[in-house]
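Quick notes on the structure that follows.
The values are calculated or read from the model by the stated rules, or taken from the named source; none is laboratory data. Note that the structure is a prediction, hence the values are computed from the model and not measured. Positions of Cβ are backbone-derived with ideal geometry, glycine not excepted, and every protein chain shown enters the neighbour counts.
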Amino acid sequence: MHWSIRELRKNRSIGVYLGSFACVVAAAAVCFSASAYLGYRSVALILLMVVSLIALVLDIGPVLLAATSSALIWNYFFIPPLFTFHIGSAEDGLMFLLYFVVVLVHGVLSYRIRRAEQQGDLHHQRRDLARPGALIGPVHVLCPHLHPRAGERCLHLAHGREGGDHEGLE
C-alpha cells in the first residue's frame with residue numbers, strides 16, 4: 001500500500017501513532033547503541049531532530065506522542081542515573097523540563113504553520129477559480145465529449161459569447 005504525505009496527515013488510525021512512536025524508539029535505539037560515543041545531551045538533540053521531522057509530516061496527535069515519548073525515553077535511558085525516571089542533578093532536571101517544553105511547542109507550532117499554509121493555498125485556489133476565464137481550459141477538454149450541438153454551445157458559453165458564431169474557437 002502506497003501512502004502519500006497528505007493521506008498520512010489526515011489518517012487518524014493507530015498505525016500512524018505507532019509509526020510515530022516507532023521512529024522515536026528506532027532513533028533512541030541507535031543512540032543507545034552508540035551511547036559510548038555520544039553524550040546524553042547529544043542524544044537530546046538527535047531526538048529533537050526526529051520529532052522535528054515527524055512534525056513536518058504528521059498531524060498534531062502523533063507529533064505530541066513523539067514529543068512526549070522522546071522526552072520520557074531520553075530521561076529513562078540516557079539521563080543519569082540510567083533506567084530510572086529520577087534525575088540526579090538540578091541542571092539535568094532543568095534540561096529535561098526545557099527539552100519537554102521545546103519539543104511540545106515545536107510540534108504545535110509546526111502543525112499550526114502547516115495548517116495556515118494549507119488555508120492560504122485554499123484561498124489562492126478559490127481566488128484563481130473566481131477570476132474570469134479560469135475554467136476555459138477544463139471546458140475545452142470537456143466540451144468535445146458532449147453531443148456535437150451541445151459541445152458547440154458549451155464552447156461559445158466558455159468564451160462569453162451567445163449564438164452560433166464559433167470563429168477562433170478551434
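Residues that are at pLDDT 90 or above: find the helices (runs of 4 or more DSSP H) completely inside segment 40-149 holding 1 or more of those. Explain how you work it out, then say what you get.
Numbers: elements: 40-57, 60-77, 90-130, 136-142.
In segment 40-149, the matching helices (runs of 4 or more DSSP H) lie at 40-57, 60-77, 90-130.
Residues being over 30 Å from S13 (Cβ atoms) and either in contact (Cβ under 8 Å) with a residue 24 or more places away in the chain or among the acidic types (D, E) (or both): count how many of those fall in segment 51-106.
Within segment 51-106, residues that are over 30 Å from S13 (Cβ atoms) and either in contact (Cβ under 8 Å) with a residue 24 or more places away in the chain or among the acidic types (D, E) (or both) number 7.
How many of the residues in segment 47-100 are closer than 18 Å to A22 by Cα and surrounded by fewer than 17 Cβ atoms within 10 Å (Cβ to Cβ)?
9
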